[in-house]
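Each remark here refers to the structure printed beneath this line.
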């Protein structure tokens, strides 16, 4: 990886940590849709960091987490793959909530935060190998 790619990799990897920290603050303050959005953003950014590390090129311009993981390619545990599919929807729900739907509950978002932390830690470990 050349210097420019290394800096880009570090930028995305560090941004992923910042976004999950923002998700925690939003969750604590019961900004639940927003917390889900930042959970998604964190996962997207760590995946894009991994893409740069593996492919040595700019990551695809998409918010689809499974798609990015497939392009790396990553051999994800099945439960992580399912979570990436679910978490991709957080991006859409936060941007375009259905006015007829109830907001997500605190426990649901807390559970998703904890799942995201597990996946994020696994991805961060992969980025350091």
Item to check | Scan of region 2-41 for residues that are assigned to a loop (DSSP other than H, G, I, E, B) and at negative phi, ordered by number | outcome: 2, 29, 31
Checklist entry - With 94, 49 as the choices, which residue is buried (at least 17 other Cβ atoms within 10 Å of the Cβ), in a helix (DSSP H, G or I) and at pLDDT below 95? => result 94
Item to check | Tabulated pairs, region 50-75, first in contact (Cβ under 8 Å) with a residue 24 or more places away in the chain, second buried (at least 17 other Cβ atoms within 10 Å of the Cβ) and part of a loop (DSSP other than H, G, I, E, B), C-beta under 8 angstrom, 6+ apart or interchain | outcome: 50/72; 50/74; 52/59; 68/59
Checklist entry - Any chance region 109-129 includes a residue that's surrounded by fewer than 16 Cβ atoms within 10 Å (Cβ to Cβ), in a loop (DSSP other than H, G, I, E, B) and out of contact with any helix residue (DSSP H, G or I) (no Cβ under 8 Å at 6 or more places or on another chain)? => result yes
Next on the checklist: Condition (residue is touching a helix residue (DSSP H, G or I) at 6+ places or on another chain (Cβ under 9 Å), at pLDDT below 95 and under 20 Å from residue 105 (Cβ atoms)) applied to region 77-89: is it met by at least one residue?
Outcome noted: yes
Checklist entry - Any idea how many residues of region 97-108 are exposed (fewer than 12 other Cβ atoms within 10 Å of the Cβ) and at pLDDT below 95? => result 5
Next on the checklist: Test of understanding: among 74, 84, which residue is buried (at least 19 other Cβ atoms within 10 Å of the Cβ) and in a loop (DSSP other than H, G, I, E, B)?
Outcome noted: 74
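The values are calculated or read from the model by the stated rules, or taken from the named source; none is laboratory data. None of the values given here were measured: they were computed from a predicted structure. Don't worry about glycine lacking a Cβ; one is built from the backbone with ideal geometry, like all the others, and counts go over all protein chains shown.
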